[in-house]
Amino acid sequence: MPETPSAVRAPVPAAVPAPPDALDTDLGWTLGVVFRAYVKFANAVFRDLPGGPRGYQVLAAAAQELPGGQGALALRLGIDKTVMTYLVDDLENAGLVQRRPDPADRRNKRIVATERGRTTWEATQVGLDHAEEHILSPLDPADRVEFRELLRRLAVRAQSLDPVADTCQIVTDLATGEPAAPTPPRPRRAARR
């Protein structure tokens, strides 16, 4: 039976996006979801790199020939000096970095990328770029630049308010749900008269 004009269906209205619910606007939830997605992609990129994300950070510093010795790099990255020693050992055993005397202070050792280390760093950087592209794909290029700058400003502010001296502490904080209790100040002695 042919359709008559009265039987023609009305166009279906486009789906109207639902208003955001409380989770969609919760900073902790949104940061957590984005962070979890980034970590999943980044861990796939770091899969074969000794030390995972920390190994990448050390390798990146070595490949870019950032100034300073091993101790200064540990401090900058928030890695315990003992952990840093083992991390550099693993990277060195993999042929990715070498320890060399610092020309400015021969008592210090600089971490320098080998040719294999530079190649590995570049390949890892490409993988991270793809991961970031995937995570940030809903944003147009201008929004990505603005998002990165806003996030950087938030991170700098958060670090100034609650400095992270040891990145291992972040994992502990996340596992327990609470930051480690700060060391209480020592009581002041009353002045003698």
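The values are calculated or read from the model by the stated rules, or taken from the named source; none is laboratory data. No experiment lies behind these values; they were computed from the predicted model shown. When we count neighbours, we look across all protein chains shown, and the Cβ atoms used for this are built from the backbone with ideal geometry, even at glycine. Remember, those area values only see protein heavy atoms, side chains included, never the ligands or the DNA or RNA. Shrake-Rupley method; radii C 1.70, N 1.55, O 1.52, S 1.80 Å.
Key figures
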| item | result |
| --- | --- |
| Asn93/Arg144 FRET efficiency (R0 41 Å; Cβ-Cβ; nearest 0.05) | 0.65 |
| Average accessible area per residue (Å²) across the range 97-153 - probe 1.4 Å, nucleic acids and ligands excluded | 71 Å² |
| Sparsely packed trypsin sites (Lys or Arg not before Pro) within the range 39-124, loop by DSSP, other Cβ within 10 Å at most 15 | Arg47 |
| Simple spin-label estimate for Leu77 and Leu161 in nanometres, 7 Å along Cα-Cβ | 2.8 nm |
| Overall form of the range 62-116 per C-alpha gyration tensor (a/c, 1.5; a/b vs b/c) | oblate |
| The range 59-150: C-alpha gyration tensor shape, a/c 1.5 cut-off, then a/b vs b/c | prolate |
